[in-house]
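Trainee: Here it is, the structure in full.
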Amino acid sequence: MPSATRRNASPEAGAQIRGIKFLPTFPRITGFPRWRIQRALSGPSRHFRGALRTEAKGTARSASTFRCGIGYVRAVLTESAARWLLVLHTGLGVAAVGAATHMVLWLRKHRRGTGAMRAIRKFAVITFVLQTLAFVAGNWMYPTYKVQVRTAYLENAAALASDHSTRQEELARIAARDGEPAPQGEATSAMVKRAAKAARWFDVKEHWVALGVITCAGLLLVLMLWDPKRDGPALEPIVLALSLLVAATLWLGAIIGVLTASWRAV
């Protein structure tokens, strides 16, 4: 006989449980098997369903703890922890962009006969390590972004309209105090559309960044096995193309990440 909690659970809540996006990350962080987490989340856990109802209302909590059969899985970080993790993620991303750019420049020098393979391999290793660490930090922070930024703000038209109205009122008050004309703000409907587009572009960025990590691993493997003096320069165009793809994904991720943070950071 199904319990009252299972009978009262809405189809939307069940869809959110099945579609929750942080499942692929937590087995690597916590060490728990993925099937155990999925089984725990599919049960009638009142803590987990309560957190989903809070997310559906667009209310971002500073820390949401979900009750599972394996204990507590902390999915949303505290505001202080999320900010420091964002600083770490940003620093790793900027360093990875710089290392990948230097790798491309050294590969161009090598094609002209002046670059050293030792420097290219060194920058490839540095790029892969920094890119992987930034990717892990971003995945760790993604549940917090999902709840506190995307659901509660970027895809919440009411929150966007309220924030926009409050800002316009403050700008009008400051302009009146200084005897200046009030600045004309953007239309609320246009701002809501741009915010939703920013959220979609962030998801596009996540896919390209994952592709960049895989590409960088393949590039590093090729560079470790390939010796131009022994094997010839036939692989140079392929290596250069892979390095350009890695650098492009890092630049794309950095630009879209900054644009998204300009709306609202965690």
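The values are calculated or read from the model by the stated rules, or taken from the named source; none is laboratory data. Note that the structure is a prediction, hence the values are computed from the model and not measured. Glycine gets a Cβ as well: all are built from the backbone with ideal geometry, and neighbour counts include every protein chain shown. Surface areas here come from the heavy atoms of the whole protein model, side chains and all, with no ligands, DNA or RNA. Shrake-Rupley method; radii C 1.70, N 1.55, O 1.52, S 1.80 Å.
Trainee: Taking the residues in segment 111-130 that are part of a helix (DSSP H, G or I) and open to solvent by less than 30 Å² (accessible area, probe 1.4 Å) as candidates, determine which candidate is farthest from residue 254 (Cα to Cα).
Mentor: Within segment 111-130, the match that is farthest from residue 254 (Cα to Cα) is 117.
Trainee: Same structure again: Among the residues of segment 154-171, how many are loosely packed, with under 12 Cβ neighbours inside 10 Å and without any contact (Cβ under 8 Å) to a residue 40 or more places away in the chain?
Mentor: Residues of segment 154-171 loosely packed, with under 12 Cβ neighbours inside 10 Å: 158, 166-167, 169-170.
Now restrict to residues that are without any contact (Cβ under 8 Å) to a residue 40 or more places away in the chain: 166-167, 169-170.
The total comes to 4.
Trainee: Let me spell it out: the conditions are (1) open to solvent by 70 Å² or more (accessible area, probe 1.4 Å); (2) closer than 19 Å to residue 261 by Cβ; (3) among the β-branched types (Val, Ile, Thr), and residue 149 meets all of them except one. Which number is the exception?
Mentor: Single failed check for residue 149: (1).
Trainee: Right, next: Taking the options 150, 167, name whichever one is within 20 Å of residue 199 (Cα to Cα), assigned to a helix (DSSP H, G or I) and at pLDDT below 85. Can you show your working first?
Mentor: On the way: 167 fails: within 20 Å of residue 199 (Cα to Cα).
Result of the check over 150, 167: 150.
Trainee: Counting only residues that are among the aromatic types (Phe, Trp, Tyr) and open to solvent by 20 Å² or more (accessible area, probe 1.4 Å), which one in segment 131-146 is nearest to the chain's Cα centre (by Cα)? Break it down stepwise before answering.
Mentor: Initially, segment 131-146 is screened for residues among the aromatic types (Phe, Trp, Tyr), giving 135, 140, 142, 145.
Then drop every residue that is not open to solvent by 20 Å² or more (accessible area, probe 1.4 Å), which leaves 135, 140, 142.
Working: 135: 8, 140: 9, 142: 6 Å.
Taking the candidates together, the pick is 142.
Trainee: While we're on this one: Please go through segment 172-200 and give me each residue that is under 29 Å from the mean Cα position of the chain (by Cα), open to solvent by 50 Å² or more (accessible area, probe 1.4 Å) and of a type outside the set (Ser, Thr, Tyr), ordered by number.
Mentor: Pass one, segment 172-200, residues under 29 Å from the mean Cα position of the chain (by Cα): 186-200.
If we keep only those that are open to solvent by 50 Å² or more (accessible area, probe 1.4 Å) too, we end up with 186-189, 193-194, 197, 200.
Of everything in segment 172-200, those that are under 29 Å from the mean Cα position of the chain (by Cα), open to solvent by 50 Å² or more (accessible area, probe 1.4 Å) and of a type outside the set (Ser, Thr, Tyr) turn out to be 186, 187, 193, 194, 197, 200.
Trainee: Do you know which of the residues in segment 207-242 that are in contact (Cβ under 8 Å) with a residue 60 or more places away in the chain and among the β-branched types (Val, Ile, Thr) is nearest to residue 108 (Cα to Cα)?
Mentor: The qualifying residue nearest to residue 108 (Cα to Cα) is 239.
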